[in-house]
1. Using 0.36 nm times the number of residues separating E87 and K116, minus their current alpha carbon distance, what extension gain do you get?
2. Based on C-alpha coordinates, I'd like the Rg and Dmax of segment 379-419, in Å.
3. For segment 274-338, state the semi-axes of the equivalent ellipsoid (square roots of 5 times the eigenvalues of the alpha-carbon gyration tensor), sorted largest first and rounded to whole angstrom.
4. Can you report the principal axis dimensions of segment 171-409 using only the alpha carbons, biggest first, rounded to whole angstrom?
5. Report the extension gain between K391 and I470 in nm, rounded to one decimal, defined as 0.36 nm multiplied by the number of residues separating them, less their alpha carbon distance.
6. When the C-alpha atoms of segment 3-150 are aligned to their principal axes, what extent does each axis show, in angstrom, from largest down?
7. Can you tell which of H129, L318, V400 lies farthest toward the positive end of the dipole of the chain, using +1 and -1 charges on the Cβ of basic and acidic side chains (Lys, Arg; Asp, Glu)?
8. Please find the FRET efficiency linking T345 to E241, where r is the Cβ-Cβ separation and R0 is fixed at 56 Å, and quote it to the nearest 0.05.
Amino acid sequence: MDKSEEIKEQQLYIEKIYKINKDKNLKYNILTMGCQLNENDSEKLCGMLEKMGYTQTNNVKEADIAIFNTCCVRENAEDKLFGKLGELKKIKEEKGIIIAIGGCMMQEKHITDKIKESYPFVDILFGTHTLHKFPEDLYKVLEDKKKLEDIIDIDGEIYEGIPIKRDSNIKASVTIMNGCNNFCSYCIVPYVRGRERSRQPKSIINEIKELASQGYKEITLLGQNVNSYLKVEREKNIFFEEYKGINSFATLLKAINQIDGIERIRFISPHPKDFTDDVIEAIAECDKICKLVHLPLQAGNTRVLKEMNRKYTKEQYLNLVEKMKNKIPNLTLSTDIIVGFPGETDLEFEDTLDVVKKVNFEQVYMFIYSRRIGTPGDRMENQISEEQKHKRFNKLKDLVEKQIEKNNKKYINTIQKVLVEGESKNNKELLTGRTDSNKVVIFKGDKNLIGKMINLKIISEHMWYLKGEI
Ligand code: 5AD
Ligand code: SF4
């Protein structure tokens with residue numbers, strides 16, 4: 001069966017469940033952990049569930065089906081899953097709720113084994129490669145009243161046409177490629193998301209045109225290695241249909257920049273080693289592409305980077321940043337950093353601090369190294385003590401906070417273009433939006449500004465947001 005037929009088959013399951021559920025006013029609750037790719041998958045789960053006649057509730061006690069979309073990039077995710085399962089067990093005992101656990105963690109055998117052994121009340125376990133089959137899995141559980149496991153370990157495929165219910169009607173995420181071929185030695189992603197594969201250019205452009213026609217203003221392109229879009233396809237001569245001259249990430253960016261109605265384009269996460277000149281030129285040239293680039297550093301020391309299998313040196317990273325700063329006016333940068341990778345010495349950690357000082361990032365996402373079963377990093381013998389890792393983390397955090405404070409001051413009295421996203425969560429009287437550099441700005445304004453791009457004068461700064469006025 002080809003993939004479009006598989007999706008049609010799932011559509012039939014959606015209709016069957018819709019008939020079963022009709023007039024029952026059934027609800028679903030979904031909890032999502034992890035990155036924006038996972039959030040995008042959850043939007044697809046929501047889309048399918050709504051078509052099956054369920055409505056969303058934020059209160060799991062009200063739900064008839066509870067779904068947990070898991071992440072396994074760092075350890076605390078596991079604690080959260082098992083804590084959540086304890087909570088769901090009680091609800092299941094009180095009422096016959098259906099429990100479905102999916103996402104990256106389900107691609108790890110030691111986790112599914114533990115669930116089956118210690119949490120046998122879970123109804124559905126589904127992996128990252130079987131998300132599109134959720135309607136069929138749910139139908140079987142509803143009909144046969146049996147537990148079901150639908151996890152496969154394959155390279156992964158791209159499925160088009162899965163229903164989707166998006167979290168926002170202003171900003172939308174669009175997955176353009178999936179999987180990872182890089183095998184950084186700390187990272188579990190290549191094992192749970194399979195090999196890199198890109199969507200066809202035409203499908204992406206059509207999806208974004210559709211979003212523009214629905215009034216969406218900002219698009220975030222997603223991929224575990226977003227800038228290797230179509231790279232494997234080109235290198236290995238895997239068929240893809242060129243559409244509007246799109247045959248690379250740079251040409252994709254340029255084509256999206258032409259779509260009327262879309263005002264901002266972002267993308268995460270690129271890999272520094274694949275950050276080619278044509279992409280730098282596209283960012284500089286295209287007015288809609290935000291000039292904030294997320295460029296994961298991970299570590300500043302060349303030996304540690306080699307152990308991490310990142311395929312660039314400290315100097316190459318800094319040279320890339322220099323080149324980008326020279327070519328892209330108003331460029332700002334954000335990054336991901338891991339502290340305490342096995343074998344990292346205090347002196348080597350200083351290189352990380354040095355790069356942070358030199359680049360002056362707008363935002364730094366900081367992580368304490370976490371051992372992931374099955375990765376080369378986990379097998380390394382020179383693990384760093386928790387105490388040492390925390391010490392380094394705090395040192396980095398202090399530096400980053402000082403830099404953010406200093407950077408924020410530069411915004412005062414400037415005029416910033418802000419896309420207004422909605423009411424502020426903490427104060428319904430105020431509105432919130434974001435600058436090109438992804439800074440949150442809070443300001444007083446009329447609700448009809450929501451969804452519009454406006455100019456704001458920045459009047460004060462706080463660590464995690466700016467205050468502005470019209
Ligand atoms: N430990 C800590 N941080 C990790 N990341 C990925 N794997 C690990 C790990 N094992 C971080 C990286 C990546 C981000 C999404 O999560 O910085 O860029
Ligand atoms: Fe993980 Fe490295 Fe792939 Fe990013 S590039 S998903 S950090 S293996």
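1. Separation in residues times 0.36 nm, less the Cα-Cα distance, equals 8.8 nm.
2. Every Cα atom of segment 379-419 included, Rg and Dmax give 17.6, 52 Å.
3. 24, 11, 9
4. 52, 44, 30
5. My answer for the length gained is 24.2 nm.
6. That gives 39, 38, 26 Å along the principal axes, largest extent first.
7. Of the options given, the answer is V400.
8. So the FRET efficiency works out to roughly 0.65.
Since every read-out is calculated from the coordinates, none of them should be taken as a lab result. In this text, all values refer to a predicted model and were calculated from it rather than measured experimentally. Neighbour counts run over all protein chains shown; Cβ positions are idealised from the backbone, glycine included.
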